[in-house]
1. Under a plain spin-label model, where a point goes 7 Å from the Cα along Cα-to-Cβ, how far apart in nm are Tyr463 and Val139?
2. Check each of the GluC sites (Glu not before Pro) in segment 264-368 and keep only those in coil by DSSP with at most 14 other C-beta atoms within 10 angstrom; list them in order.
3. Within segment 346-379, whose backbone N sits under 11 Å from a point 7 Å along Cα→Cβ of Leu470?
4. Pairs of Cα atoms under 8 Å, at least six residues apart: use those to get the relative contact order of segment 123-302, whole percent.
5. Counting Lys and Arg as +1 and Asp and Glu as -1, what is the net charge of the other residues whose Cβ lies under 14 Å from the Cβ of Tyr368?
6. Place +1 on the Cβ of every Lys and Arg and -1 on the Cβ of every Asp and Glu in segment 123-302, take the dipole about the Cα centre, and give the residue among Gly184, Ala201, Met274 whose Cα lies farthest towards its positive end.
7. Over segment 198-345, what is the mean sequence separation of C-alpha contacts under 8 Å (at least six apart), divided by residue count, expressed as relative contact order in percent?
8. Could you list, in their original order, any pairs among Lys196/Lys404; Lys123/Lys197; Lys123/Lys397; Lys171/Lys404; Lys326/Lys404; Lys321/Lys353 whose Cα atoms are separated by more than 27 Å?
Amino acid sequence: MEVSGIGWPLVDIVFIINIFLVLVVVIFERRNPMTTLSWILLLVFMPLLGFLLYVFLGQNLRRKNLFCLKEEEEEEVLSLLALQDTRLHENSLCFNDSRVWEYRDLIHMQMVSSYSLLTQDNKLEVFHEGRELFDQMLVSLKNARDYIHMEYFIIRNDSLGRSIIDILSEKAQQGVEVKLLYDGMGCIRLPVRFFKKLHEAGGESVAFLPPFLPYINLRINFRNHRKICIVDGEETYIGGFNIGNEYLGLSPRFGYWRDIHLKIRGSAIDSLEMRFLLDWRFAARDSLPETDCYFPDRYSEGTSAVQIVSSGPDMNYPAIKNGYLKLISKASRNVYIETPYFIPDESILEALKIAALSGVDVRLMIPYKPDHPYVYWASLSYIGELLDAGVRCYRYKRGFLHSKMICSDGFASSVGTANLDIRSFELNFEVNAFIYDQGISSQLEEQFLLAINDCIEITPETYADRPILLRIKEGIFRLLSPIF
């Protein structure tokens, strides 16, 4: 087949385009080697499919500091960080709990790589079930006096989503400032009229990287995966739950939904508020407010030490991934991990194997029933290496496992939105709470051990008995996993 007026066969044109894309990937896109190799193989051996996937998935977001602080804002934050960092290295008396001193290297790393202040006056509450979480969140929203700021990857047009919109509209009608930020891909199926009531009441909503055309979004990468709810600067919610009936365990497909979410009262709220305002500024093309009304003076609520850590493709360092690495490498007793998607890069995979080979009790929990089969097949491909190193692996069978949690030695832990996969590390905008507190981390550890009762353990014997077709799927999608 030839193209009219040119005389070149169409296959030659496709070949030339693919050669050009290969050069772009190799020379200009500074990805990790596995990602680069995956794209090259796909472009060379499956030219048409590779081209289409590159258009949808491959484009890299240039670091233009769109989500970062302006110079004057940065100076103020850096001065606070410098003061805190000086105290951090002078002595251990600045810590409420002396064990926090043992994690000063992790704390310092998050300070310099992601502007993460350490706060020690926090009171935390942990939720594993959606009903309990949303019962409290709805009460918090109804009691709002001054402002409500919410940021979510997914909001469903169902009874839970509509009930929250109804409350937000009612509060906006009462004069409460309401800002709702939602992801353009995660909420792509929401009808425009979904927000009409909120807008008519005086509330605001804006999409993060919205689709060019209704229901069609070519920007599959660079999604805002964060889940934040802040009420009056007094309490905030952060974790893995989106907004929808499925997160209440009402999905016929998944049934019970296991996740982890935090309610925080204390100074850690200020870091989450700044994160929300920066994301809002980008999505709404707005400026940060001059007033300090979003950062009220507050009394100490508790004694838990917390750092709010953000990461995304716009940042210089993968802060959350690096935090995971430090939690794994510093562990001397145990590391417990829950994640729905396990596609580690080489650094995470090696860290887990080294920890297990060093005698640390390393355990990993993934879903039994996947929501994305190709991701699940890729995840299974890594399990064999972990089993060989002594890692114990489980598949959660009661319902769907959506938790994003890592707990180290019953003292340091992380809960938030980032999965243990390359997409969370490199392509999504994420936010996690790194917690240095024995009470909270022990609670997470205890819940993990209880959840094992609802799991099937993957043993070396059962793993070796996998069907040949499953092994083929694992091999294919492991090779493509850096892309997806």
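Values in this text are rule-based calculations from the coordinates and carry no lab data. Values in this document were obtained by computation on a predicted structure and should not be read as measured data. Because the Cβ atoms are built from the backbone with ideal geometry, glycine has one as well, and the counts that use them run over all protein chains shown.
1. If labels sit at Tyr463 and Val139, their model points lie 4.4 nm apart.
2. When the GluC sites (Glu not before Pro) of segment 264-368 are filtered for loop state and at most 14 Cβ neighbours within 10 Å, Glu290 remain.
3. Label zone hits: 377.
4. Across segment 123-302, relative contact order equals 28 percent.
5. Neighbourhood net charge equals +2.
6. Farthest towards the positive end: Gly184.
7. Relative contact order, segment 198-345: 17 percent.
8. Cα-Cα > 27 Å for Lys196/Lys404; Lys123/Lys197; Lys123/Lys397; Lys171/Lys404; rest within.
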